[in-house]
Each structure stands twice: as structure tokens, then as C-alpha cells.
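Notes follow once the structure below has been shown.
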Amino acid sequence: MAVMTWPPDHLSPETWLAQFLDSPEARRGGVVKRQIRDVERIAGRDLFLYEVERRGFQVIENGRHFVVFCNSMPLRRVQGPRDFQIPWPSRLQAAWNAVSKPR
């Protein structure tokens, strides 16, 4: 019985990175994410970060994921106001109150 290895022998770090960073979402300038554990196991953190930066992309580490922004647009962290009140029209407010009351 054959023993499976991870990553598979045919999947080199370079191939994995190319598939990830040249994906349709990446080519559109979108956002892609991968678990840090997978990145470190397959390609290594240093090679991953080098390839992301070489393409002009940006990466954020959050929890157990790398989130790659496949463009060079500025990143801004945004938060809503803490005391925000939805300016409901009165009929929407009444409908919301009718369905949201504890029963």
C-alpha cells in the first residue's frame, strides 16, 4: 500500500505558488486567502512573502490566515461609528419591531 505524502510529489512550492498567485481572482486584482499552516508547509513563509511582494501584492496576517490583496491599492482599516442608529422609515421600523420582539 502506497503512503500519501503531503504535499504530493508533483506539487512543488513554485507550482503551488503559481497556481495560487496566478489564479483568476488574483489576475482580476481580487483577494485570496490561505491558511498560514499550508503556506509554511508547502512553500515556506519567506518564499511566499517574496513572491507576493514581487508581484506588487499586499498580504495581511489575521488569525490563522494570510489574506492577499492582489493589487497595490492602499489598505485602510474601517470601522463604523459606535453610536450608529439606522434611520429607519417609520413603516420599516414598525415591521422590524414586529418581527424582532422576543416571543
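The values are calculated or read from the model by the stated rules, or taken from the named source; none is laboratory data. Being a predicted model, the structure only gives us computed values, none of them experimental. Cβ sites come from the backbone with ideal geometry, for glycine too, and all protein chains shown count toward neighbours. The accessibility values were calculated without ligands, DNA or RNA, using every heavy atom of the protein model including side chains. Shrake-Rupley method; radii C 1.70, N 1.55, O 1.52, S 1.80 Å.
For a quick check of your reading of the model, give me the residue pairs whose first member lies in segment 44-73 and is on the phi > 0 side of the Ramachandran plot and of a type outside the set (Phe, Trp, Tyr), whose second is open to solvent by 40 Å² or more (accessible area, probe 1.4 Å) and in a loop (DSSP other than H, G, I, E, B), with beta-carbon atoms closer than 6 Å and at least 6 apart or on different chains.
Gly56/Ser72
Taking into account only those residues within segment 55-103 that are more than 23 Å from Arg27 (Cα to Cα), of a type in the set (S, T, N, Q) and under 30 Å from the mean Cα position of the chain (by Cα), which is modelled with the highest pLDDT?
In the first step, residues of segment 55-103 are kept if they are more than 23 Å from Arg27 (Cα to Cα); the result is 63-64, 77-103.
Cutting the leftovers down to of a type in the set (S, T, N, Q) gives us 79, 85, 90, 93, 97, 100.
Now narrow it down to the ones that are under 30 Å from the mean Cα position of the chain (by Cα): 79, 85.
Working: Gln79: 87, Gln85: 73.
Among those that are more than 23 Å from Arg27 (Cα to Cα), of a type in the set (S, T, N, Q) and under 30 Å from the mean Cα position of the chain (by Cα), it is Gln79.
Of the residues that make up segment 25-48, is at least one open to solvent by 30 Å² or more (accessible area, probe 1.4 Å), of a type outside the set (Lys, Arg), part of a helix (DSSP H, G or I) and touching a helix residue (DSSP H, G or I) at 6+ places or on another chain (Cβ under 7 Å)?
yes
Applying the selection to segment 10-24, what residues are surrounded by 13 or more Cβ atoms within 10 Å (Cβ to Cβ), under 16 Å from the mean Cα position of the chain (by Cα) and assigned to a loop (DSSP other than H, G, I, E, B)?
Ser23
So Gln93 passes all but one of these: (1) loosely packed, with under 13 Cβ neighbours inside 10 Å; (2) in a loop (DSSP other than H, G, I, E, B). Which condition number does it fail?
(2)
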